[in-house]
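The values are calculated or read from the model by the stated rules, or taken from the named source; none is laboratory data. What you see is a predicted model, and the numbers here were worked out from it, not measured in a lab. Positions of Cβ are backbone-derived with ideal geometry, glycine not excepted, and every protein chain shown enters the neighbour counts. Just so you know, the surface numbers come from the protein's heavy atoms only, side chains and all, with ligands and any DNA or RNA stripped out. Shrake-Rupley method; radii C 1.70, N 1.55, O 1.52, S 1.80 Å.
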Amino acid sequence: MDERWKGLNVTIDCGDILGTYQGVVAKVDPTDQSVVLRNVYRNGVKWDFPEISVSAKDIRDIEIINSIVTAPHVPSAKSNSHAKETDSEQTMESTGSSGERATPPKLRNNFRRKRAKSFQGSNNNNQSAFDEPIESMVEEFDFEKNLALFDKRAVAEEVHGKNGDRKQPTTPSAPRNYRHDEMIFKGQAPNVRPTQVPEKSKKIYKTDSGASLPTISEELRRRLIVAALDCGLSMERQIEAMGRCSAEMVIQLIGGVGRLQAKYSHQRPVLIILCNSMDLRACYGLCCARYLTSRAMEVAVFLQLEASIDPLLNHELSLLAKTHCKVISSSSV
């Protein structure tokens, strides 16, 4: 390479690691076996420095560009392979004492002209699409400025038909699908009367529907049980009613009946019921455990047994023994 290369636009291929450089030959140094390029593009990107020095030992291929271009031109792998193959067959190469590869610029330039004519038609579209200067792509789009120019209210009024005579097209509404447990008739809210007791309540509870439930004393509760017995509601029926109501309340507290479905069988709830045999509420607890066990729950009952057992409690124990509920008494601990 001599001074005849100075001022030519060239593309130098330095391999995959160093990349491809494109620029104008500013200086050829035969002593250092290097070439200096200005207006350099590396792999299609503008080089940060005005000049770059490329050593001859790093150059794998060099290509002369016919005319000065403003945008970087990175040759494709296909074109490079054709150029390398043709250069090895049709161009003359001369090797000096230092081992530097040098091809006369005139012969290589003539070959590039002939090669360009054959591919001129196919490359015109690519050149027009990718010949835009890279400087024009650096400017960023100002989203905030353009968003401020956008009148959202005017566009919304136009869409909704408020700024003109255009009306919104009406589409027939699709029929609604109701669930199997959904009420399709709109009814009035139930008129729940407040519960009244003959004594002053210390505390009042609220239900999900908003009804008030006052508390009663132990004496009033005993009188209600006696009155129910006088009306024909036996103690066994009272125990069954209380046990079932307690079981329904427990099911709601653990998440509802949905948790008892077969797909949740791997996480069945485990319940523990504490009972005292000296109290009638032990019968309620055993009856509640029987109802919960029938819903395939894991239920365990801790029962404190005394010397004398009430017949009602003994009857509930016999019924509970027919289920898979586990009973742990104070005598077995």
- Item | Hits in the stretch 7-32 (condition: at positive phi and in a loop (DSSP other than H, G, I, E, B)) | 7, 19
- Task: Kindly indicate whether any position in the stretch 244-267 is farther than 30 Å from residue 181 by Cβ and not aliphatic (A, V, I, L, M).
- Result: no
- Message: For the stretch 266-289, give me the residue count where each residue is touching a residue at least 12 places away in the same chain (Cβ under 8 Å) and more than 24 Å from residue 221 (Cα to Cα).
- Response: 5
- Note on the structure: When (1) open to solvent by 100 Å² or more (accessible area, probe 1.4 Å); (2) at pLDDT below 90 are applied to residue 221, the one that fails is (1)
- Query: Within the stretch 12-70, which residues are among the hydrophobic types (A, V, I, L, M, F, W, C), at pLDDT 85 or above and open to solvent by 80 Å² or more (accessible area, probe 1.4 Å)?
  - Reply: 45
- Query: Counting only residues that are surrounded by 10 or more Cβ atoms within 10 Å (Cβ to Cβ) and under 24 Å from residue 208 (Cα atoms), how many does the stretch 257-269 have?
  - Reply: 4
- Task: State all residues of the stretch 206-218 that are surrounded by 11 or more Cβ atoms within 10 Å (Cβ to Cβ) and of a type outside the set (A, V, I, L, M); if no residue qualifies, say none.
- Result: 212, 214, 215, 217
- When the stretch 252-287 is examined, which residues are found to be within 11 Å of residue 303 (Cβ to Cβ) and touching a Phe, Trp or Tyr at 6+ places or on another chain (Cβ under 8 Å)? 273, 274, 275
- Report whether or not residue 278 is closer than 29 Å to residue 199 by Cβ, over 53 Å from the mean Cα position of the chain (by Cα) and open to solvent by 50 Å² or more (accessible area, probe 1.4 Å). yes
- Report, by residue number, each residue of the stretch 281-333 that is part of a helix (DSSP H, G or I), among the hydrophobic types (A, V, I, L, M, F, W, C) and open to solvent by 30 Å² or more (accessible area, probe 1.4 Å). 312, 317, 319
- Test: residue 234 is at pLDDT 90 or above, within 27 Å of residue 199 (Cβ to Cβ) and surrounded by 12 or more Cβ atoms within 10 Å (Cβ to Cβ): no
